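Just below is one structure, and these are the notes that go with it.
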Amino acid sequence: MNDKKPIGIFDSGIGGLTVAKRLSQTLPNENIIYFGDTARVPYGSKSNSTVIEYSIQDTNFLMSKDVKAIVVACNTASSVAIPELKKHYDIPIIGMIESGSVMAIEKSTNKRIGVIGTRATISNKAYSREINSIDPTVEVYEKACPLFVPLAEEGWTDHKATYEIVEEYLQELKELEIDTLVLGCTHYPILFSVIQEFMGENVTLIDSGIAAARVVKEEIKNTDLENESDKNGVSEFYVSDIPTTFKKIAELFLGKPIPDIKKVNLETLTV
Ligand code: DGL
C-alpha cells in the first residue's frame with residue numbers, strides 16, 4: 001500500500017514544531033500538516049476538560065485535511081485527551097507520553113527517572129503512571145517547570161536567566177541521582193543544551209519528539225499507511241493566530257525556514 005495522505009500534527013502552539021522536525025527527519029518522504037493553536041496557547045495551565053475540548057477541535061481541523069494519522073505533539077494534550085480522541089476518530093492517534101516513557105525505561109540503568117513538564121502534565125501524573133504501568137520498579141520523580149515555555153518562546157537558549165531558572169527547577173532532581181530525564185513538554189528541546197549542561201553528561205535527556213517519531217514510523221508501517229514515494233514530503237503549517245514574532249521563533253523550533261504559514265478559523269475550519 002502506498003498512502004500519500006499527510007500525517008496531521010497538532011500542538012497548543014509552536015512547541016510541536018520540535019516534533020514535526022523529528023518526524024520529517026525520521027520519515028522524510030511523508031507529507032505533514034501542522035496545526036498550532038497559537039490563539040489559545042498555553043494549554044499547560046488550563047483544566048483537563050478545556051484541553052480535551054480544544055484537542056477535539058484541533059483534530060477536527062486536521063481531519064478536514066484528510067490526514068491518515070494524528071500526532072498529538074503536545075504533552076499536556078497527550079496527558080488528558082488521547083482516550084477521548086481515540087473514541088472519536090478511527091485512524092492511528094499517537095501521543096507523547098507512551099513513546100517518551102518507553103524510551104526512558106530503555107535508557108535508564110539505575111531505574112531512577114526524572115520527568116519535567118507543564119503543571120497540567122505533572123499534576124496529571126501522566127508519565128509516572130505510564131512508566132510504572134510498564135515497569136513498577138522504576139522510581140519516577142516529576143517536576144513542573146512552567147517558566148521553561150516562555151524562555152523557549154523568547155529564544156533564550158543561552159541567556160543567563162535561563163541558566164538560573166534551570167538550576168532553580170532542576171537542583172532537586174539532580175540531588176535525587178536520576179540517570180534519565182524526560183523532556184515532557186514539546187518546548188523543552190529548545191533548552192536542551194542548558195539542561196544537559198546543568199544535569200551533567202551522566203544524565204540522558206529524552207526528547208519526546210525523537211521518541212514519538214520512532215513510534216509513528218512503526219505505527220504507519222504496521223497499519224500499512226506508508227508513503228513509498230522517493231521524493232521529499234511537503235509540509236503545510238496552520239495556526240489559529242499569527243503573533244508578530246511567530247515566524248522567527250517557529251523557525252528556531254523547526255530548525256529550518258517556514259515559507260508559508262496560514263491562519264485558520266477553528267469554528268468554521270476554514271483558512
Ligand atoms: N506544548 C505544551 C506541552 O508540550 C506546552 C505549552 C502549553 O502549555 O501549551 O505540554
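The values are calculated or read from the model by the stated rules, or taken from the named source; none is laboratory data. Predicted model, so just to flag it, every value in this text is computed and none were measured. Note that each Cβ is placed from the backbone with ideal geometry, even for glycine, and that neighbours are counted across all protein chains shown. We work out accessible area using only protein heavy atoms, side chains counted, and drop any ligands, DNA or RNA first. Shrake-Rupley method; radii C 1.70, N 1.55, O 1.52, S 1.80 Å.
A few notes on this one:
- Shape call, the stretch 149-220: gyration tensor on alpha carbons, a/c limit 1.5: oblate
- Relative contact order computed over the chain (Cα-Cα under 8 Å; 6+ residues apart), in percent: 29 percent
- Prolate/oblate/rounded call for the stretch 130-271, Cα gyration tensor, a/c under 1.5 rounded: oblate
- The GluC sites (Glu not before Pro) of the stretch 106-202 that DSSP puts in a loop, and whose beta carbon has at most 10 other beta carbons within 10 Å, are Glu201.
- Legend: translational diffusion of the chain by Stokes-Einstein, Rh = Kirkwood radius over C-alpha pairs, 37 °C, 0.692 mPa s; D = 177 µm²/s.
- The spacing between the stretch 160-192 and the stretch 1-68, judged by their C-alpha centroids, is 25 Å.
- 12 Å beta-carbon shell around Val41, net charge (K/R +1, D/E -1): -3
- Other residues within the sphere of radius under 9 Å centred on the Cβ of Phe198, judged by their own Cβ, net out at -1 (K and R +1, D and E -1).
- In this structure Ser193 has an accessible area near 80 Å², from a 1.4 Å probe over the protein heavy atoms.
- Using a probe of 1.4 Å, the accessible surface attributed to Arg129 totals some 140 Å² when neighbouring protein chains are kept in position.
- Taking the stretch 151-245 and dividing mean pair separation by its residue count, relative contact order in percent (alpha carbons under 8 Å, at least six apart): 26 percent
- Computed with every protein chain present, the accessible area of Thr268 is close to 80 Å² [probe 1.4 Å].
- Positive dipole terminus of the chain, leading residue within Val67, Pro83, Ser123 (C-beta point charges): Val67
- Net charge over other residues, Cβ less than 10 angstrom from the Cβ of Gln57 (K, R count +1; D, E count -1): -3
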